[in-house]
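Encoded as structure tokens, the structure appears first; notes follow it.
Just so you know, all these numbers are worked out from the coordinates, no wet-lab data involved. Here the structure is a predicted model, which means the values were calculated and not measured. Note that each Cβ is placed from the backbone with ideal geometry, even for glycine, and that neighbours are counted across all protein chains shown.
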Amino acid sequence: MSNECLFCKIIGGDLPSEIVYRDDQVTAFRDINPVAPTHILIVPNKHIASTNELSPEDETTIGHLFTTAKNLATQEGIAQSGYRLIINTGPDAGQIIFHLHLHLLGGQRMRHPMG
Ligand code: 5GP
Ligand code: ZN
């Protein structure tokens, strides 16, 4: 938990958001500025600033981010039409929130640039 972190505040319920899933390891909520019909952010409940701060003890949680993404894709009805999972790390990738998050994007043919 980081007092300054927006996503820690969302996880802790101190900042409102549209939460679509939560358990003891991860929380998923809709992006405030969606770039696709489905745009969900899936975050570890533990404050990890970015993939640069990952340690071996986080591997189970990070794996769980991906199975949660798969389950939410099914729930959103986009598992068969397809979706994109994105993690931005650092300035060149455009990371603006320094609490690791997995973007789940779907519901349209992707136009978001890859590189
Ligand atoms: P990044 O570029 O760091 O990978 O993406 C951060 C994402 O967080 C952006 O897509 C942005 O729209 C989203 N975001 C920023 N602030 C908030 C907020 O207060 N609530 C929610 N739900 N999403 C946010
Ligand atoms: Zn945080």
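Could you list, in sequence order, all residues of the range 99-115 that are in a strand (DSSP E or B) and among the hydrophobic types (A, V, I, L, M, F, W, C)?
Once the filter is applied, which keeps residues that are in a strand (DSSP E or B) and among the hydrophobic types (A, V, I, L, M, F, W, C), the range 99-115 yields L102, L104, L105.
Consider L102 carefully, then state whether it is out of contact with any Cys (no Cβ under 8 Å at 6 or more places or on another chain) and more than 12 Å from V26 (Cβ to Cβ).
No.
Give the residues of the range 1-33 that are within 11 Å of ligand 1 (Cβ to nearest atom), assigned to a strand (DSSP E or B) and in contact (Cβ under 8 Å) with a residue 24 or more places away in the chain, sorted by residue number.
Of everything in the range 1-33, those that are within 11 Å of ligand 1 (Cβ to nearest atom), assigned to a strand (DSSP E or B) and in contact (Cβ under 8 Å) with a residue 24 or more places away in the chain turn out to be V20, A28.
Counting just the residues of the range 29-50 that are more than 16 Å from C5 (Cα to Cα) and not basic (K, R), which one comes out surrounded by the most Cβ atoms within 10 Å (Cβ to Cβ)?
My answer is I40.
Tally up the residues in the range 43-86 that are more than 15 Å from ligand 2 (Cβ to nearest atom), part of a loop (DSSP other than H, G, I, E, B) and either touching a residue at least 12 places away in the same chain (Cβ under 8 Å) or closer than 30 Å to Q108 by Cβ (or both), please.
6
Filter the range 94-113 down to the residues that are within 14 Å of ligand 1 (Cβ to nearest atom) and exposed (fewer than 13 other Cβ atoms within 10 Å of the Cβ), then identify the one that is nearest to A36 (Cα to Cα).
Among them, the one singled out is H112.
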